[in-house]
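Data block below; observations after.
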Amino acid sequence: MKYLKQVFTVTVWEYRRFYKPKNELVGIVIMLILFSFFYLGSKYVMSDTEKNTLTLLENTAPGLVDTLAKEFDVEVISLTAKDQFLKEIIDEKEGLLLLEKDTGYVLHSWKKPAALKLLQKKLNSYTQTKVVEELGITTKQLDKILSPAIVEQLYFDDSGARSVLVYFFAGLMIMAVLVSFAYQFTAITGEKQLKITEQIVSAIKPQAWMDGKILGITLTGLSSVVAYSIISSLGGMLYFQFTDRPVSNIIEILHLPSILIFLAFTMVGIMMWNAMMAAIASVITDPNNSGKSSLMLVPLIFVVASLLVSPDHRAGVFLSWFPLTSATAMPMRWVVSVVDWWELAGSFAVLVITFYLFRKLAAKIFHVSILISGKEPTWKEVWKLAREG
């Protein structure tokens, strides 16, 4: 059996072994039910138009009372009832009492109220209006004073909107890698423990066996991501339908050269991560120890976005070339900065070479580990295999 045919056979077997459309459909249905439940629940909670009760003294300025009455259920009490009301706040642990003073306002409550921001906003508006009237400034003059400078922005290369594509493909890669991690360790460490790989590898070369696993599990992760992406796209279409937002906003984001670049980096990045985790899984014999390893290097992906605030900084340039982060960092840097074609090609070449080396290393470790009964390869042996590879 030729190498490519062996790889294809293992790839199809791994894919059919782990990807179950029925289970995927059940997961999507559960996700939609939970999403609908939380969405409708939030709508129900937000639809509660009951106003908060706010108590004022009878000497409060009428203008302030009218302003607050638009957002609060205002109750006015006499000056003599002030002390009694404060005692009720302590006893009943509820109630709001606002006092107006020459220097500002005093708010009495049992604890920080949820409507504090709304109250602050209304008080700011009333105070500003009062000061404007005292200074004799008209509303038109105030609007002119507070109006911001008008800056017309014209860009020769308006690629800012395409940053959405970067985050989209980065999200796809993260999801695909996380989904693949569990299958990767189950496929390799579990089979090693059951001692079934010795029989299979006697008929199939370890490299073909490992390449088939990497490709099959990568396809499994991508299939799950594609399924959820389709659901998300349908949700986006419904969003634009019900909000009457122009579909042209999406068309502006779509840029074929960018999509091709992001897709290439994403695909190779997913396979590189799967090859790396396959190498780690080949070292581990006990599947119970594999769960921790799957999260060891994932935070590197999330660090990229925070460090690329200044894309041309040394950290940003390094991450765009470092193979564990370049699949996300280089496309992001290409969008928000000026990157020469040789940098783009060089970073992609390093990523491809890293994938090639990891798959070779994974096969070598896997081949040696199945020959060692009940023993995991030491790091010294792994380093020796890496140098030989």
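No value in this document is a laboratory result; all are computed from the given coordinates. None of the values given here were measured: they were computed from a predicted structure. Reconstructed Cβ throughout: ideal geometry from the backbone, glycine too, with neighbour counts over all protein chains shown.
For the reader, a short list of remarks on this structure follows.
- Cα gyration tensor category, rounded, prolate or oblate, for the range 52-146 with a/c compared to 1.5: prolate
- In this calculation the C-beta distance from Ala345 to Lys22 is compared with R0 = 45 Å, giving a FRET efficiency of 0.60.
- Extension gain, Val132-Ile150: 0.36 nm per intervening residue step, less the Cα-Cα distance, totals 4.1 nm.
- Coupling constants for the range 97-103 follow from the phi torsions by the Karplus curve (6.51 cos²θ - 1.76 cosθ + 1.60, θ = phi - 60°), and in residue order they are 10, 10, 10, 9, 10, 5, 8 Hz; glycine and proline get x.
- Point-to-point label distance, Ser36-Leu86, nm (Cα→Cβ direction, 7 Å offset): 5.4
- Among the GluC sites (Glu not before Pro) in the range 47-88, those placed in a DSSP loop whose Cβ has at most 13 other Cβ atoms within 10 Å are Glu50, Glu58.
- Among the trypsin sites (Lys or Arg not before Pro) found in the range 42-150, those both in a DSSP coil and sparsely packed, with 11 or fewer other Cβ atoms within 10 Å of their Cβ, are Lys70, Lys93, Lys111.
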